[in-house]
Amino acid sequence: MNPLTIVNFNPSCIITDMSNNVNFFLLHFETVFKKTNDPARFINKYAVTGDGEIADIHYFLDEKKIMEEERYDGLYAVFTDLLDDDVSEILKVSEGRWQIEECFRIMKTDFSARPVYVQREDRIKAHFLICFLALLCYRILEKKLGNKYTCDEILKTLRDINFADVEEQGFMPLYRRNEITDDLHTVCGFQTDFQFITKQKMKNIQKKSKGR
């Protein structure tokens with residue numbers, strides 16, 4: 001029995017595919033472990049030598065290969081032997097598996113679920129509970145933002161939101177306002193990018209955030 005091949009196109013995955021490759025280039029340009037789906041396959045190398053000495057290895061981006069594979073961004077093929085099942089249901093299950101895998105990736109990399117530096121069972125459970133709750137909060141926020149931004153963009157923006165405590169007066173925002181901060185404020189229902197925030201205003205913001 002020949003398996004059924006289903007090709008699916010998801011426009012939102014184009015940004016994800018491009019973002020994953022760009023992040024890899026920025027973080028691991030000199031690391032070469034070429035696997036089938038590893039972005040390192042876009043890194044090539046050549047050896048040069050001046051006078052017959054041991055050649056230095058130089059790595060460079062294989063732009064031709066990158067352009068070739070960009071044609072397939074957002075396209076995913078599913079192979080199945082469920083010939084009598086509805087195609088939309090098969091794709092739904094396949095998409096769910098991809099989302100689960102992405103959740104584990106976010107947990108491990110962005111939320112530092114591993115390695116675990118505690119030994120007692122109750123503390124290990126508490127550690128992973130906090131990680132799962134953080135993932136839940138992130139997914140809810142991601143959905144409220146309309147899936148417009150990547151995980152890296154959202155987390156970086158949240159981490160950069162900081163304030164200077166002006167003694168006995170209030171707070172001054174130390175972050176730069178941009179599109180993501182505007183959308184976060186709209187979703188959360190309060191603003192923190194004023195030039196100056198009084199202590200009473202900050203208390204009201206904190207009270208409102210806890211009540212949502």
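The values are calculated or read from the model by the stated rules, or taken from the named source; none is laboratory data. Quick caveat: nothing in here was measured; it's all calculated off a predicted structure. Glycine also receives a Cβ, built like all others from the backbone with ideal geometry; neighbour counts cover every protein chain displayed. SASA here: full protein model, heavy atoms, side chains in, ligands and nucleic acids out. Shrake-Rupley method; radii C 1.70, N 1.55, O 1.52, S 1.80 Å.
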Problem - Criterion (part of a helix (DSSP H, G or I), hydrophobic (A, V, I, L, M, F, W, C), open to solvent by less than 80 Å² (accessible area, probe 1.4 Å) and modelled with pLDDT of 85 or more) met by exactly one of Ile90, Ile124 - result: Ile124
Handout entry: Where a residue in the range 168-181 is within 12 Å of Asp193 (Cα to Cα) and its partner, wherever it lies, is at pLDDT below 90 and of a type in the set (Lys, Arg), with Cβ under 8 Å and at least six apart
Key = Phe171/Lys199
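Yes/no matrix, rows are residues, columns are (1) touching a helix residue (DSSP H, G or I) at 6+ places or on another chain (Cβ under 9 Å); (2) under 26 Å from Asn204 (Cβ atoms):
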residue	(1), (2)
Met107	yes, no
Pro115	no, no
Ala134	yes, yes
Cys137	no, yes
Gly146	yes, no
Tyr149	yes, no
Phe163	yes, yes
Ile180	yes, yes
Gly189	yes, yes
Fill in the blank from the handout: Of (1) modelled with pLDDT under 90; (2) touching a helix residue (DSSP H, G or I) at 6+ places or on another chain (Cβ under 9 Å), Glu167 satisfies every one except (2)
Handout entry: Scan of the range 127-150 for residues that are under 20 Å from Asp193 (Cβ atoms) and open to solvent by 80 Å² or more (accessible area, probe 1.4 Å), ordered by number
Key = Lys144, Lys148
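Listed here are the residues, each with its yes/no results for (1) among the charged types (D, E, K, R); (2) in contact with a Cys (Cβ under 7 Å, 6 or more places away or on another chain); (3) surrounded by 13 or more Cβ atoms within 10 Å (Cβ to Cβ).
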{"residue": "Met67", "(1), (2), (3)": "no, no, no"}
{"residue": "Val78", "(1), (2), (3)": "no, no, yes"}
{"residue": "Glu95", "(1), (2), (3)": "yes, no, yes"}
{"residue": "Asp110", "(1), (2), (3)": "yes, yes, yes"}
Completion exercise
The number of residues in the range 96-120 that are modelled with pLDDT of 80 or more, of a type in the set (Lys, Arg) and outside any loop (DSSP other than H, G, I, E, B) is 2
Fill in the blank from the handout: Taking the range 175-212 and keeping only residues that are surrounded by 11 or more Cβ atoms within 10 Å (Cβ to Cβ), farther than 24 Å from Ile140 by Cβ and of a type outside the set (Lys, Arg), one is left with Phe194, Phe196, Ile197, Thr198
Practice task
Consider Ile57 carefully, then state whether it is part of a helix (DSSP H, G or I), at pLDDT 60 or above and surrounded by 11 or more Cβ atoms within 10 Å (Cβ to Cβ).
Solution key: no
Problem - Subset of the range 151-174 (residues that are open to solvent by less than 30 Å² (accessible area, probe 1.4 Å) and in a loop (DSSP other than H, G, I, E, B)) - result: none
